[in-house]
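Only one structure is covered here, and it is reproduced in the block below.
The values are calculated or read from the model by the stated rules, or taken from the named source; none is laboratory data. Keep in mind the model is a prediction, meaning the values are calculated, not measured. Methodologically, a virtual Cβ is constructed for each residue, glycine included, from the backbone with ideal geometry; neighbour enumeration extends over all protein chains shown. The accessibility values were calculated without ligands, DNA or RNA, using every heavy atom of the protein model including side chains. Shrake-Rupley method; radii C 1.70, N 1.55, O 1.52, S 1.80 Å.
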Amino acid sequence: MALLKKRIKASTLMETMVATVLIVVIFMLSSLILNNLFAAQVRGNLQPLKTHLDKVEYLYSNGKLTAPYYEEWNDWTISVENQNDGTALMEITEQLGTEPRTLKRIVENAHTP
């Protein structure tokens, strides 16, 4: 009988609401953080650009493109210009954003017409 009369202390409605709000806030913050991480990962993925640059470099090295060469690919501007030492400079600039990103690549043994 003594065991049946033992009362279990229950939480009030206010305590339950506070706990629920805390869980929701933590979930929202973690969702925002993960969203920013994934967005930065997608924006920083330059593999399709590098693949296209390899194609442009191959075409230039085999005489299929002549310098100077200019192209707009997605949000990037690609230019190929001959240098005095027989090489070519590939300059790639992103057109979007407040701070433009620029990549440079020197092509050895460039095709000379």
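Quick notes on this one:
- Within the stretch 74-113, considering residues that are of a type in the set (Val, Ile, Thr) and in a loop (DSSP other than H, G, I, E, B), the one farthest from GLY44 (Cα to Cα): THR112
- Residue within the stretch 64-73 that is in a helix (DSSP H, G or I) and open to solvent by less than 100 Å² (accessible area, probe 1.4 Å) present: no
- Comparison of LYS64, LYS9, LYS5, LYS55 shows that the only residue that is closer than 14 Å to VAL107 by Cα, free of Cβ contacts under 8 Å to residues at least 12 places away in the same chain and of a type outside the set (Phe, Trp, Tyr) is LYS55.
- With respect to the conditions (1) in contact with a strand residue (DSSP E or B) (Cβ under 6 Å, 6 or more places away or on another chain); (2) surrounded by 10 or more Cβ atoms within 10 Å (Cβ to Cβ), LEU53 lacks only one, and its number is (1).
- Subset of the stretch 25-63 [assigned to a helix (DSSP H, G or I) and of a type in the set (Gly, Ala, Ser)]: SER30, SER31, ALA39, ALA40, SER61
- Condition check for THR77: within 17 Å of THR102 (Cα to Cα), among the polar types (S, T, N, Q) and open to solvent by 50 Å² or more (accessible area, probe 1.4 Å): no
- Evaluation of LEU89 against the conditions (1) open to solvent by less than 70 Å² (accessible area, probe 1.4 Å); (2) among the hydrophobic types (A, V, I, L, M, F, W, C); (3) under 16 Å from the mean Cα position of the chain (by Cα) shows that the sole unmet condition is (3).
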